Amino acid sequence: MKEQRKYKIDEAIRQLNLPNYKAALRIIPRELGIASNTFHNYRKLKITDKADIPYEMVRKLEIMFKMKIGELANSQPCCDDLTVLITEYHNLESVSA
């Protein structure tokens, strides 16, 4: 089974017709200020990869593809809010003291 990509970049680009697809592959790296090879690497990032796209570039891509904040990612990070983490920290600290 093919491993899921970290971002929906290819899905968004594949919705374009062929001339616009080819143009997008040239325009997007230029607008992001990166090499086309770097953009290609961004497109093929897998969910399990530690590498990531800088947040500012993700937002620019979301804007280019007319997506809302967070829609480009194929998964959402999960984490407790800081209040819960602080409480757990204090509980662990009091147990170890």
Report task. Grab the Cα-Cα distance for residue 88 and residue 26, subtract it from 0.36 nm times how many residues apart they are, and report the gain in nm with one decimal. Result -> 17.5 nm
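With every protein chain kept in place and ligands, DNA and RNA left out, what is the accessible area per residue of the chain? Probe 1.4 Å, answer in Å². Don't jump to the answer; show the numbers that get you there.
On the way: 7460 Å² over 97 residues.
Result: 77 Å² of accessible area for each residue.
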Requested in this report: Could you sort 65-72, 82-89 so that the peptide with the highest average Cβ count within 10 Å comes first and the rest follow in order?
Outcome: 65-72, 82-89
Report task. Mind putting a number on the dipole of the chain about its Cα centre? Charges go on the C-beta only, +1 for Lys and Arg and -1 for Asp and Glu, and I need it in Debye to the nearest 20. Result -> 920
**Report entry** Amide H within-cut-off set for residue 74, under 5 Å, with H built and near neighbours excluded
**Finding:** 7, 8
Query raised in the report: Of 41, 17, 74, which has the largest mean-square fluctuation in a 10 Å C-alpha GNM of the chain?
Result: 17
**Report entry** Inter-site label distance for residue 18 and residue 49 at 7 Å from Cα along Cβ, in nm
**Finding:** 2.8
**Report entry** Whole-Å semi-axes of segment 8-96's equivalent ellipsoid (Cα gyration tensor)
**Finding:** 37, 13, 11
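Which percent of the accessible area of segment 8-96 is formed by carbon and sulfur heavy atoms (probe 1.4 angstrom)?
Numbers: 3740 of 6660 Å².
Here carbon and sulfur together make up 56 percent of the probe-accessible area.
The values are calculated or read from the model by the stated rules, or taken from the named source; none is laboratory data. This one's a predicted model, so the numbers in the text were calculated from it and none came from an experiment. Backbone-built Cβ (ideal geometry, glycine too); neighbour counts: all protein chains shown. Just so you know, the surface numbers come from the protein's heavy atoms only, side chains and all, with ligands and any DNA or RNA stripped out. Shrake-Rupley method; radii C 1.70, N 1.55, O 1.52, S 1.80 Å.
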